[in-house]
1. Given (1) buried (at least 16 other Cβ atoms within 10 Å of the Cβ); (2) within 11 Å of the ligand (Cβ to nearest atom), where does Ser315 come up short, assuming only one miss?
2. Is the range 253-270 home to any residue that is more than 12 Å from the ligand (Cβ to nearest atom), closer than 20 Å to Val30 by Cα, open to solvent by 10 Å² or more (accessible area, probe 1.4 Å) and touching a Lys or Arg at 6+ places or on another chain (Cβ under 7 Å)?
3. Find all pairs meeting these conditions: Cβ atoms under 7 angstrom apart; at least six residues apart or on different chains; first residue within the range 312-337 and over 14 Å from Glu47 (Cα atoms); second residue open to solvent by 80 Å² or more (accessible area, probe 1.4 Å) and in a helix (DSSP H, G or I).
4. Starting from the range 354-379, take each residue that is at positive phi and list its partners that are crowded, with 24+ Cβ neighbours inside 10 Å, counting only C-beta distances under 7 angstrom and pairs at least six apart or across chains.
5. Scan Ala245, Ala281 and give me the residue that is of a type in the set (Gly, Ala, Ser), touching a residue at least 24 places away in the same chain (Cβ under 8 Å), open to solvent by 10 Å² or more (accessible area, probe 1.4 Å) and away from the ligand (no atom under 14 Å from the Cβ).
6. For residues in the range 353-374 being within 11 Å of the ligand (Cβ to nearest atom) and of a type outside the set (S, T, N, Q), which is nearest to Glu423 (Cα to Cα)?
7. Being of a type outside the set (Asp, Glu) and within 11 Å of the ligand (Cβ to nearest atom) narrows it down to one residue among Trp117, Trp62, Trp147; which is it?
8. Need a quick list: helices (runs of 4 or more DSSP H) entirely within the range 16-124 having at least 3 residues that are out of contact with any strand residue (DSSP E or B) (no Cβ under 6 Å at 6 or more places or on another chain) and surrounded by fewer than 24 Cβ atoms within 10 Å (Cβ to Cβ).
Amino acid sequence: MPAPLALVETDAGSPQAADAVIIGAGIVGVFAAYYLARRGLKVALVEKGRVGAEQSSRNWGWCRQQNRDARELPMATRSLDLWERFAAESGEDTGFRRCGLLYLSDNEEELAGWARWRDFARTVGVTTCMLDSTKASERGKATGRAWKGGVFSPTDGTADPANAAPAVARAIAKLGGTVHQNCAARGIELEGGKLSAVVTEHGTIRTKIAVLAGGAWASSFCRQLGIRFPQASVRSSILSVEPGAGDLPDALHTARVSVTRRGDGGHTLAISGRGRVDPTAQNMRFAGQFLPMFMRRWRSLSPGGLEGIRSGHESLVGWRLDRPTPMEQMRILDPAFDRRTIRLTHQRAIELLPSLGGRRITASWAGYIDSTPDGVPAIGEVATVPGFILAAGFSGHGFGIGPGAGHLIADIVTATAPIVDPEPYHPKRFQASAWGKVADF
Ligand SMILES: Cc1cc2nc3c(=O)[nH]c(=O)nc-3n(C[C@H](O)[C@H](O)[C@H](O)COP(=O)(O)OP(=O)(O)OC[C@H]3O[C@@H](n4cnc5c(N)ncnc54)[C@H](O)[C@@H]3O)c2cc1C
């Protein structure tokens, strides 16, 4: 069953020329196109399936600074402001609210880790409140039990995954940009060693700039261009229940289960970090580079099955620009959810918040979370293909930082002062043989 998603009507075919072509209408692609269109560029956003239908509608909706890696925190902070500004500027509703995020724990080590992060966050002006047992139990009163402690991040929030990317797509159209669904980009053309066109299934778009915001498909697309982009994905399973569970925290994390209020008043239930690794040719290719990440996270991961091979996003096949590609065979990556995980998640959520017990399950789904070896996204122009900007590998954080990433991409394209230091994101770091520091989730 796919994740709930609002559908948008968009433009047919594809234009003959554009100032910039954005490939992929997930949250990163739509915000990149939006900020470019605001600067007066003629943008064309091409999406092989539906706007937002892959990771960007399948997530929890958390937009957080809390526990972010130092490299990503500035982008997370700026993104929260941009989520708010977007609503005011565009008149479109992504469901974003600074509702604050609540973390509860009985584990001293975990609490100490959060306190360390709070100390670091203070140095960069980010407020987060450690909760002692009394305060944690009070904030978590819906659980009906006492907690050793917790943390509340009052300036963080959530947006609505079912509506966010579609809302931004509508805003792009208002600014004169075009959005094309069921329009896969098959590749690019070069002239004099520089990007000169994007070839789509509906025709060629002349352009000097292409942004690849293709999520889990980015590495296989890059491989066609001779670009080595180490990327791997984990299949994560998640479910939603109907509204009516009463007065619960808007966004609550515990080690066993996390619960988030959805835009429709229902709740999303999930287990943080848990996922299946489906073996694929691409996984094998980059296995060495992902070893430190795997060592860090192996406890919550388990081996998957043939889902990854069936999906086709991580195959090593080459494709031609005049024939249908794997992207046209898999319009929407909608992998099978893991039934055991769904059962366990539901059971744990009811144990934590008994009022969820009477609520009907409205949907269960899975999503491939695409990751880089260090857990920090890859954003930047690829030196070997001038005009080609890679923006993928958002490593489970891309929804919240989508606005900041889109803004940074627009800054790079228009050579304006970047909203955050672009250096930590540049994909050139993967060419070095040394393993980077793996980000915390
Ligand atoms: C279960 C789950 C929970 C998560 N929870 C959170 C959370 O709470 N907070 C958070 O910040 N992040 C979360 N994430 C991660 C977040 O959803 C992603 O990091 C983010 O959505 C990535 O956005 P994207 O635009 O890069 O990719 P996607 O949303 O995957 O979009 C990529 C798009 O590109 C299209 N595409 C690919 N190749 C082509 C091509 N050649 N031509 C045309 N179109 C193409 C695809 O069809 C797709 O629509 C979660 C992810 C999952 C799966």
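The values are calculated or read from the model by the stated rules, or taken from the named source; none is laboratory data. Note that the coordinates shown come from a computational prediction; the quantities given were computed from them, not determined experimentally. Cβ: placed from backbone, ideal geometry, glycine included. Neighbour counts: every protein chain shown. Ligands, DNA and RNA are stripped out before the accessible areas are found, and what is left, the full protein with its side chains, is counted by its heavy atoms. Shrake-Rupley method; radii C 1.70, N 1.55, O 1.52, S 1.80 Å.
1. Looking at each condition in turn, Ser315 falls short on (2).
2. The answer is no; no qualifying residue exists.
3. From residues that are over 14 Å from Glu47 (Cα atoms), the pairs are Gly312/Gln329; Leu316/Arg285.
4. Gly375/Ser395
5. Being of a type in the set (Gly, Ala, Ser), touching a residue at least 24 places away in the same chain (Cβ under 8 Å), open to solvent by 10 Å² or more (accessible area, probe 1.4 Å) and away from the ligand (no atom under 14 Å from the Cβ) holds for just one of Ala245, Ala281, which is Ala281.
6. Across the range 353-374, the extreme among qualifying residues is Asp370.
7. Trp62
8. Once the helices (runs of 4 or more DSSP H) in the range 16-124 are filtered for at least 3 residues that are out of contact with any strand residue (DSSP E or B) (no Cβ under 6 Å at 6 or more places or on another chain) and surrounded by fewer than 24 Cβ atoms within 10 Å (Cβ to Cβ), what remains is 73-90, 108-123.
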